[in-house]
Each structure stands twice: as structure tokens, then as C-alpha cells.
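One structure is given below, encoded as C-alpha cells.
The values are calculated or read from the model by the stated rules, or taken from the named source; none is laboratory data. Because the structure is predicted, anything quoted here is derived from the model rather than measured. In this analysis, Cβ positions are derived from the backbone assuming ideal geometry, glycine residues included, and neighbour counts consider all displayed protein chains. Areas reflect the complete protein model, heavy atoms only, side chains present, ligands, DNA and RNA absent. Shrake-Rupley method; radii C 1.70, N 1.55, O 1.52, S 1.80 Å.
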Amino acid sequence: MKKSQKVTLACLTGFLLGLSFPPLRLGLLACVGLVPLFFLFERLERYGDVVRYGYLAFLVLNVITLYWIGGYTHRNDMFLMLGGAAVIVIHPFFFLVPALGFFFVRKVLGNLIALFAAPFFWAGFDWLHSLGELGFPWLTLGNTQTYAVERIQFITYTGVYGITFWIVGVNALLYLLLQKVLSREWKVLSVKGLSTTVALITVVLLPGIHGRMLLRHARDNPNGVRVRVGILQPNVDPWKKWTLGPEELVRLYLNQTESLVGDQPELVVWPETAISFRIFSGRYIGIFHGLKEKIDSLGLALLTGFADIVFYDGQDAPRGSKVVAGTGIRYDDFNAIMLLEPGSERVQKYAKMRLVPFGERVPYAEYLSFLVEAVKWNVGISGWGIGRDTTVFVLKRGDSTVKFSAMVCYESIYPDLVAAFVRKGAQFLVVVTNDSWYGNTSGPYQHAQYAVLRAIENRRSVARCANGGVSSLIDKYGRVYDKRDMFTQASIVGDVQLSNEETFYSRHGDVFARACAGIGVLVLLGALARTLLPRSRRGTQHGES
């Protein structure tokens, strides 16, 4: 095979996979996207070539899907732009892990076993890629199917990693059929050819059949308990927000909130860091009291993103916390959410636990403190502290209560984190975010669609509040409604159904993904043992001679 042909196959995989992600509704391309790569690996002999062409394939994927990540439409922050470029260049190396595993098994144990192992490798990799402070599961392969709601209802058992497993399995079967037929090892109408074709068609169609049957009988309970939620999409410029006067900023939100009173929401949601100043610090506390008085007079609860600050006493300060210059006093800022209820002095808080690597915090900052001050956006939002606990907000309504949890922006792409909120009793979910940094690009639409997966996995309705869009409501089957366009000032008022149902995924989390990773490791160990066994035999024979 000529070099140009190898490059073509690698790029074709990258293009097909890249085009399968939102906002394009071409998710089925993912089901054929790995086939060119399988054909390419068939012709490669050296691991260096696997790295070279595999990197090219995944670089194309990352360029197509993450071109927006540096905020290039605004060009307001050099660090953000350089960081975005670094992600696009470095991130493809991570995807070489399942590719090299597949190639190694193929060389040692043969093509059929490698194809069998491929879905386990990739699903396990997608899960591992979400762990730790360097985790970045934005391009989890299962994320390609968010528009195909009928096809993905089974993730109440497997989580999004079950979709990854299904996609790679379809690719493996399709490649096997094409490879055998094109090499004339099988005839199309032979027993093996027909059985493989039937298996492929069955695997492709089965999730959709299951989903259609489920949704046909799925009806929201008209007598079920609901909460009326108002969502503000204020469309404040994310760069200018940090320079606006605090009073001006809060007044803008309150004016828009007052316009919703006639629709009688019980809970109004403001977006991520809507309150961008430290409202509980001394000089702003008057603004907080004014906000609380207004909420009391309107008679509605407010859930809002805000910048929180916590000071530590002596030995209680965690490593990586910041120091007030010249005092030795340690503190942390948090990208947080608070709930204010009318007539109650209680302030319920949650601090973001999953932070964007480098964008919001230097990963493992407690060990890399020298980078903390060097790596910072112009708007000064790097260096957030890590929240330590999931929070279930409790909203009083008469003699009863409503329990819900809220995630900040990037957290909504972490399946097990969201399931942890549900396990603690959340009856519906809220996502507050600010995706306006990236302009009207693919990024905000991708982020909006990923919330569909969290709704289905846990059978929880989702209220999504984004500063400049895309705000929406999502039912527990992943159906999106009342969506608002990007870069428009808008609002939503709608009834969100509560649920106490616990899916298998909500109860057990990533057990499927862990099992896939375990099976993948066992296959790799089997291949490794196969390579070491002949060496040990040769050593024994040499010693005997």
C-alpha cells in the first residue's frame, strides 16, 4: 500500500468520526468510521507506523470537533488560544491507547480475537479517559449518538460507554464482512457471509427497536409531581461581565426575573457565575441583602451560579489553596451555585467538583504550585478550588419538599458524577453554564446535546440554563423541548417532572465500563503471555543444551 493510500485511510477515519459528533446529525457515520483504520492496520507491520498514522487519524478528528476550544472567534485571550491549540495537538495521543492495544492483539492472537476485543478496548478507554484531573471525556465515542434518542435508551443500564461498545462492535462486524468478501475468502451468499451479514443487521437495528418499543409505551404521568422552573438566558458578554459593576449586573438579572413572575415559576435559574463577584465578602454583602429582599418580595426561589470564597483556619487549608499577599491567610475561590428561598435565611451551596484542566485549574495544583500563577486567563477565572461533595438542594413547597441537584458547565459530561447526585436523592437535574466564550461554534451545541445522555442514563428531567445559549428543557427520555437559540436574550418557563426512579446505571454507575476495561486488560495479558511463552521455552532449551 502506497503512503498516499495510508494517509487517505487515516484521514478518512478522522473525517467520518469527526462529522459524526454534534452539531451535525450524522451520528451513524461513527458506525463506519473505524473501518478504514482497521483496513489500514491490516497493512502495517511496525508500531511506529501505527503511532504515525493513528495520530493523523485522531488529529483530524480533534481538529473537526474541537476547533473552537481556543476561543478563536473572540481572540481575546492569548492563553486560551494557546491552550486550545495545545489540546488539539496533544489530545490525539490519548486515542492511540486503544489503537495500539488492538494492533498488538492482532499481531499476536490474530484478527478475529482483536476484533472481538476492540469494543472492550474502546469502551474501557473512554471510561479511563474520564478519570482524574486530566480527564477530558468530551470525545467519548458514545457522544456521537445524542440526536438518535430512540437508539440509545439502553444506556439506563450501561451509561454512555454502552454506546461506545455498540459503535465499535458495528465497525468490527462491518470490517470483518468487507475484508473477507473483498479478499474472496468468503462469498457473499456463503454461510459465513450470510451469518455475519445477519449478525451485523441485528446489532445495528436492535437498539432502535428496543428504544421505539420503550418510547411507544412511555408516557409522562399526568398526575406526577412537577415543579415549575423559570430559566434565564441573559446573553451577557462573557468577557465584559467581569468588568461590569456588581449592582448593574444583579439589576439586569432581576429585571429579567421580574418579567417571569406572571408565569408563576417556583424556581428561577440564573446561569454559571451570573454573580461574578464575591458576593459574600465584606464590601458586597449589602448587594446580597438587597438580592435576598427582592427574592422574598417576588416569592420565588433563586438558583444561581456565583463566585464563592472560603478562608481557612491554620492547618485546615488544603494544599494548592491560595494565600492573601502579605498575611499568610489561605483561601480558595469556587465556581459555585447557591439556592435562596423566599422567607428563609438558609443559603444552600454547591462548589464545582470537576474543573476544566488548565482553563479553570492547573491539574494537581497542590503538586504544581509554581504553575498556578503562570497559567491564568486574562479575565482571572483560573485557579478555582475543587468542591469536595455532591449537594442535593432541598426546595420547600408548602408541607413538602423537592430535591434536585445542579452541575456547573463541564461537569455535565461526566456520567458517574451525575449518577452520584441521583443516588443521593435528586429528583431532577439542573445544568448552569456559560458557553458564550466560544462563539456560535460547534462547542456550545455539543455541550447542550451531551445533557441528553445524562437525562436518559438516570431517567431525570434536566433544566439547562446557559448564559448565551443553548438553554432548554429535557425530559427523562432525552427529548429536548423549549430550546433557545444562541446569542439571544431569552427565558423559559416550564413544568419539570420529578422522578424517584433509580435506573441500573444510577445505582451501579460505571460497572459496565469497568467490566469492559477488565476484559480488555485480560486480553492484553493473554497476548503478552503468548509473546513471552516462546521466549521462556527457547531459554529453557538453550539451558538444557
Please work out how much accessible surface R52 shows to a 1.4 Å probe, ignoring ligands, DNA and RNA, in Å² rounded to 10.
130 Å²
Tell me the net charge near I69. Cut-off is 15 Å between Cβ atoms, I69 excluded, with +1 for each Lys or Arg and -1 for each Asp or Glu.
-2
Under 25 °C and 0.890 mPa s, how fast does segment 245-362 diffuse according to Stokes-Einstein, given a Kirkwood radius computed over C-alpha pairs? Answer in µm²/s, whole number.
156 µm²/s
For the chain, the Cα gyration tensor yields equivalent-ellipsoid semi-axes (√(5λ), largest first, whole Å) of 45, 28, 21
Step by step: find N for segment 417-545, compute 2.2 N^0.38 Å, then divide the Cα radius of gyration by it. What's the final number?
1.73
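Is segment 10-105 rounded, prolate or oblate when judged by the Cα gyration tensor, a ≥ b ≥ c being the square roots of its eigenvalues, rounded requiring a/c under 1.5 and prolate requiring a/b larger than b/c?
It is oblate, given that a/c is not under 1.5 and a/b is not larger than b/c.
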Could you run the Karplus curve 6.51 cos²θ - 1.76 cosθ + 1.60 with θ = phi - 60° over segment 65-70 and give me ³J(HN,Hα) per residue in whole Hz, x for Gly and Pro?
8, 10, 4, 7, 5, x
Table column - 3J(HN,Hα) (Hz), segment 77-92, Karplus curve with 6.51, -1.76, 1.60, x for Gly and Pro:
9, 5, 4, 4, 5, 5, x, x, 5, 5, 4, 4, 7, 8, 4, x
For segment 137-251, shape from the Cα gyration tensor axes a ≥ b ≥ c, cut at a/c of 1.5 then a/b versus b/c, turns out oblate
Provide the per-residue ³J(HN,Hα) series for segment 5-21, in order, calculated from phi with Karplus coefficients 6.51, -1.76, 1.60 and θ = phi - 60°, each as a whole number of Hz, with x at glycine and proline positions.
5, 5, 4, 4, 5, 4, 5, 4, 4, x, 5, 4, 5, x, 6, 7, 7
When each pair of different Cα atoms in segment 384-445 is counted once in the 1/r mean, what is the Kirkwood radius in angstroms, to one decimal?
13.3 Å
Label segment 88-199 by shape, choosing from rounded, prolate and oblate, from the square roots a ≥ b ≥ c of the eigenvalues of the Cα gyration tensor; if a/c is under 1.5 it is rounded, and otherwise prolate applies when a/b is larger than b/c, oblate when it is not.
oblate
For a quick protection proxy, order the peptides 140-152, 397-409 by their average other-Cβ count within 10 Å, most packed first.
140-152, 397-409
